[in-house]
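What follows is a single structure, and I will ask about it in a moment.
The values are calculated or read from the model by the stated rules, or taken from the named source; none is laboratory data. Keep in mind that what you see is a predicted model, and the values were worked out from it rather than measured. Please note: Cβ atoms are built from the backbone with ideal geometry, for glycine as well, and neighbour counts cover all protein chains shown. Only protein heavy atoms, including side chains, enter the accessible area calculation; ligands, DNA and RNA are left aside. Shrake-Rupley method; radii C 1.70, N 1.55, O 1.52, S 1.80 Å.
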Number of protein chains: 2
Amino acid sequence: MLEKRVKRIFNNISKKPDVILIKNAAMPVIDDNFFYVTGLTHGIFEGSYAVLFPDGQVELIVPQLEEETAKKTGTKIIVYKDHSELNKILKNSVSSYEKIGLNFKGISLRDFLKIKNLLSNFDFFDVSDSIEKTRLIKDVIELNYIREACKIADIVADKIPQIVSDGIHEYELAAEINYLMQKNGADKTAFETISSFGKNTAEPHYTHGDIKLKKGDFVLCDFGACFSKYNSDITRTFIFGKASDMQKEMYKVVLEAQRIGFNAIKSGVKASIVHDVVNSYIQGTKFKGRFIHSTGHSLGISVHDSNARFSSNSDILLEENMVFTVEPGIYIPGLGGVRIEDDVLVKSKGAEALTKSSRDFIEI
Amino acid sequence: MLEKRVKRIFNNISKKPDVILIKNAAMPVIDDNFFYVTGLTHGIFEGSYAVLFPDGQVELIVPQLEEETAKKTGTKIIVYKDHSELNKILKNSVSSYEKIGLNFKGISLRDFLKIKNLLSNFDFFDVSDSIEKTRLIKDVIELNYIREACKIADIVADKIPQIVSDGIHEYELAAEINYLMQKNGADKTAFETISSFGKNTAEPHYTHGDIKLKKGDFVLCDFGACFSKYNSDITRTFIFGKASDMQKEMYKVVLEAQRIGFNAIKSGVKASIVHDVVNSYIQGTKFKGRFIHSTGHSLGISVHDSNARFSSNSDILLEENMVFTVEPGIYIPGLGGVRIEDDVLVKSKGAEALTKSSRDFIEI
């Protein structure tokens, strides 16, 4: 399976390099392709390299500290003690080649200059587009991990109405959601959980603060589980207490927008179309201009995977085994926002929902 | 305070640029200096830029989605709708200058090539070393956030013996630790919490799995809180049940090694010396060769801040208001490991412990 991934990366490149070098630097600048090509599901692997060959083989170069964990993959491992040893190993690994592919999107300029200086006789090619293209289509192992991450998010989503109570703080609800995800098998949260109440729900990127919940508030929870490096991403919006007519209408429109989005998805369709039909629908309601982000994004090892979105300017054509979020929203500053987000698998004849927890309108 | 940070960055550069451009791209390649120079304590700010001027002023260029959150800083904000508008704004912002400083360590090669293409008449300078040097010394606002992050970790550390019980899984203990941190005010965890039992404690980078705790096991917990973007990082090791003589001795040696490390720290001392005295001490015990990592690292917005460590090859000279972890450990494959980690503030006459929870030898 890993061999296939590497071969697909090479196949997706027009100007082919002899070898591809993936450098995983150090937080906060990391290249998660290191995990994609090695299949390693745990660990950090700072300062580690993966050398990819056209026949699908992978060679790992890791610091001593990572040796034990690296052994969990079946591939060849070379361990280095210090930088001078690393430099020798790197030179040796690529010495019989001329053209080296690099992930220009995942390597810092500083690290590139170091590598260029070390390997001064080589030509470097940007293979980042090919890697993104390859990662868009998930294989069976990846889908299994994503399904597990989705299952965990679903379990938690269905429990939120029981956790929410009068006066709970935003940060407390976030803590409860994260706790439930980990107790149900998540390695960690996919991203910083959004748990916003009332007016704050109108800010799509607000995370959580020390606001207390009160009657009539929207409760918006956007969260996901990370399982073996793969992520889910889900949003549920509830009303605490009795909903106003406006709140009901906002919810109804967003739910219908999501349904329209789902129905537009199948292989062969342009990603931009999915956004356009969702956006057109909302534009035709009283909430015109209140949908202020894209309809969704590809999901995988990265939460925003492969830089692919359901947006007007996307040039992606949907294919089987792509995984996307579908997450329309309506945001009214001063009043609040509604977003409903689920994860779907693109199939030949439609979309399979990977998250299945209730999307019903719920007054808690 | 923010003005001072920016001025210090310029002062620390020998070959001075007219202006510095910080680009915060998208996860997992982000530049947390965006938060350092803006003082923004929440949000993601993907696709956002900060333009720094020698007089300490900062100008923000952010996508529409981030406009509301960006307003929380007092600086000038320019909002862009799409990439062509962004390009115009970028050109305009730097048009009256010639030399542009970039954080070569925080920008991807791909993003650099785009910027170089857009601003083709400009010279680019690497200012990453200067930024790291500046960030090593914390100001009052930073220290307040770090102290809060340390306080949260301390509260949780002291509660661990009450949470641990026979048969608890590693991942469950990690979930409890994370939950307690968030309930006590952490925005999120500083990093993926390590909660390892028994033999697994011998792997410094092992995180957690589904191993159940049993009598005689080491319990090693390495965790930290993130508060307003600043992190703490602490490790406690316990024995579940009655300790063996070997376990007692390992603990005693690590605790003494940490004390030796603490005592070596004060401004004016080489960072390498701190590691050397700790390492020499352990080398002189029966645990020779069992301390396999550096003695500590700088701590701040990044958990491994400014790429500075207590290690033999460090060329850092300690200065007042630097913050470091002190974390000696002993690891015996097949048996287990002990690590004790605390966070300290460098002062003129010594080290102030920022984490104060019990480091006593505890049999739970």
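In the Gaussian network model of chain B, springs joining C-alpha atoms below 10 Å, which of B:Val338, B:Val303, B:Val29 carries the largest mean-square fluctuation?
Sorting by GNM fluctuation, first place goes to B:Val29.
Another question, if that's okay. A:Asn11 label points, 7 Å along Cα→Cβ, one per copy: pairwise distances from this copy to the rest in nm, shortest first?
Relative to the other copies, A:Asn11 has label-point distances of 5.9 nm.
Could you state the per residue volume, in Å³, of the convex hull enclosing the Cα atoms of region A:146-185? Don't jump to the answer; show the numbers that get you there.
Details: hull volume 2.2 nm³, N = 40.
Convex hull volume per residue, Cα atoms: 55 Å³.
If you average the C-alpha positions of region A:239-310 and of region B:276-299 separately, how far apart do those two centres end up, in angstrom?
When both Cα centres are located, 55 Å separates them.
If packing is taken as the average number of other Cβ atoms within 10 Å across a peptide's residues, how do B:283-290, A:174-181, A:268-275, A:141-148 rank, most packed first?
On the way: B:283-290: 13.9, A:174-181: 24.1, A:268-275: 20.0, A:141-148: 18.4.
Per-residue mean Cβ counts within 10 Å order the peptides as A:174-181, A:268-275, A:141-148, B:283-290.
Just going by the charge dipole of chain B, with Lys and Arg at +1 and Asp and Glu at -1 on Cβ, which of B:Ser311, B:Phe218, B:Gly185 is farthest out on the positive end?
It is B:Ser311.
Can you check what the net charge comes to around B:Lys199, using other residues whose Cβ is under 12 Å from the Cβ of B:Lys199 (Lys, Arg +1; Asp, Glu -1)?
Overall, the nearby charge balance is -3.
Go through region A:184-253 and name the trypsin sites (Lys or Arg not before Pro) that are in a DSSP coil and have 16 or fewer other Cβ atoms within 10 Å of their Cβ. Please report the intermediate quantities before stating the final value.
Working: sites: A:Lys188, A:Lys199, A:Lys212, A:Lys214, A:Lys215, A:Lys229, A:Arg236, A:Lys242, A:Lys248, A:Lys252; in loops: A:Lys214, A:Lys215, A:Lys229, A:Lys242.
When the trypsin sites (Lys or Arg not before Pro) of region A:184-253 are filtered for loop state and at most 16 Cβ neighbours within 10 Å, A:Lys214, A:Lys215, A:Lys242 remain.
Take the alpha-carbon centre of region A:86-134, take the same for region A:1-45, and report the distance between them in whole Å.
One Cα centre to the other: 12 Å.
Mind putting a number on the dipole of the protein assembly as shown about its Cα centre? Charges go on the C-beta only, +1 for Lys and Arg and -1 for Asp and Glu, and I need it in Debye to the nearest 20.
On the way: 94 positive and 98 negative charges, 118 e Å.
The dipole magnitude comes to about 560 debye.
In percent, what relative contact order does region B:1-130 have, based on Cα pairs under 8 Å that are 6 or more apart in sequence?
27
Ok, one more. Give the peptides A:123-133, A:311-321 in descending order of average Cβ contacts within 10 Å, highest first.
Working: A:123-133: 20.5, A:311-321: 15.6.
The most tightly packed comes first, giving A:123-133, A:311-321.
What share of the DSSP beta bridges in region B:2-135 is antiparallel, in percent to the nearest 5?
Roughly 45 percent of the beta bridges in region B:2-135 run antiparallel, per DSSP.
On to the next question. Count the lysine pairs in region A:253-364 that are 8 or more places apart or on different chains: how many have C-alpha atoms under 19 angstrom apart?
6
Still on this structure: Estimate for me the total accessible surface buried between chains B and A (protein heavy atoms, probe 1.4 Å, no ligands or nucleic acids), in Å² to the nearest 100.
Working: alone 16400 and 16390 Å², together 28630 Å².
In total, this chain pair buries about 4200 Å².
Using only Cα atoms, figure out Rg for chain B and give it as a multiple of 2.2 N^0.38 Å.
Details: Rg = 22.4 Å, N = 364, 2.2 N^0.38 = 20.7 Å.
Relative to the 2.2 N^0.38 Å estimate, chain B comes out at 1.08.
Also: In whole percent, and with a 1.4 Å probe on the protein chains, what portion of the accessible area of the protein assembly as shown is carbon and sulfur? Don't jump to the answer; show the numbers that get you there.
Values: 14100 of 28630 Å².
Carbon with sulfur: 49 percent of the solvent-accessible area.
Treating region A:82-179 as a set of equal point scatterers at the Cα positions, no solvent, please give the Debye-formula log₁₀ I(q)/I(0) at q = 0.14, 0.15, 0.19 Å⁻¹.
Relative scattering, expressed as log10 I(q)/I(0), comes to -0.76, -0.79, -0.95.
Still on this structure, I have one more. Nearest 500 deg cm²/dmol is fine: what mean residue ellipticity at 222 nm does the protein assembly as shown get from its DSSP H runs of n ≥ 4 alone, each adding -39,500 (n - 2.57), divided by its residue count? Walk me through the intermediate numbers first.
Values: 20 runs with 244 residues, N = 728.
That calculation yields -10500 deg cm²/dmol at 222 nm.
Could you do me a favour and compute the accessible area per residue for the protein assembly as shown, 1.4 Å probe, result in Å²? Present the calculation step by step, with values, prior to reporting the outcome.
Values: 28630 Å² over 728 residues.
Accessible area per residue, the protein assembly as shown: 39 Å².
Using a Debye calculation, one point per C-alpha and no hydration shell, please list log10 I(q)/I(0) for the protein assembly as shown at q = 0.06, 0.11 Å⁻¹ in order.
-0.35, -1.31
Another question, then. Averaged over peptide A:161-171, how many Cβ atoms belonging to another chain are found within 10 Å of each residue's Cβ? If you can, show how the numbers build up before the last one.
Numbers: counts 0, 0, 0, 0, 0, 0, 0, 0, 2, 0, 7.
So the per-residue partner count for this stretch is 1.
Here is a follow-up. Evaluate peptide B:26-33: per residue, the Cβ atoms of other protein chains within 10 Å of its Cβ; return the mean as an integer. If you can, show how the numbers build up before the last one.
Numbers: counts 5, 7, 13, 11, 4, 3, 3, 1.
Counting other chains' Cβ atoms within 10 Å and averaging over B:26-33 gives 6.
Would you tell me the mean number of C-beta atoms belonging to other protein chains that fall within 10 Å of each C-beta in B:176-189, as a whole number? Intermediate results must be reported in sequence, preceding the final value.
Working: counts 3, 1, 7, 7, 2, 2, 10, 7, 2, 4, 2, 6, 11, 4.
For this peptide, the per-residue mean of nearby foreign Cβ atoms is 5.
For B:Gly284, which inter-copy label distances result when the label point lies 7 Å beyond Cα on the Cα-to-Cβ vector, reported in nm to one decimal and in ascending order?
8.2
Also: To the nearest 20 Debye, how big is the dipole of chain A about its Cα centre, given +1 on the beta carbon of each Lys and Arg and -1 on that of each Asp and Glu? Walk me through the numbers on the way to the answer.
Values: 47 positive and 49 negative charges, 118 e Å.
The calculated dipole for chain A is roughly 560 debye.
Kindly give the distances from A:Asp82 to its copy-mates, label point to label point, with each label point 7 Å from Cα along Cα→Cβ, as nm values to one decimal ordered shortest first.
Relative to the other copies, A:Asp82 has label-point distances of 5.5 nm.
For region A:140-353, what mean projected area does the convex hull of the alpha carbons give, in nm²? It would help to have the intermediate numbers written out before the result.
Working: hull surface 43.0 nm².
Result: a mean projected hull area of 10.7 nm².
If you average over every viewing direction, what projected area does the convex hull of the Cα atoms of region B:2-135 give, in nm²?
Working: hull surface 29.1 nm².
Average projection, Cα convex hull of region B:2-135: 7.3 nm².
Among chain B residues, which Cβ is nearest the axis of the B-onto-A rotation, and at how many Å?
Closest Cβ to the B-to-A rotation axis, residue and whole-Å distance: B:Tyr179, 2.
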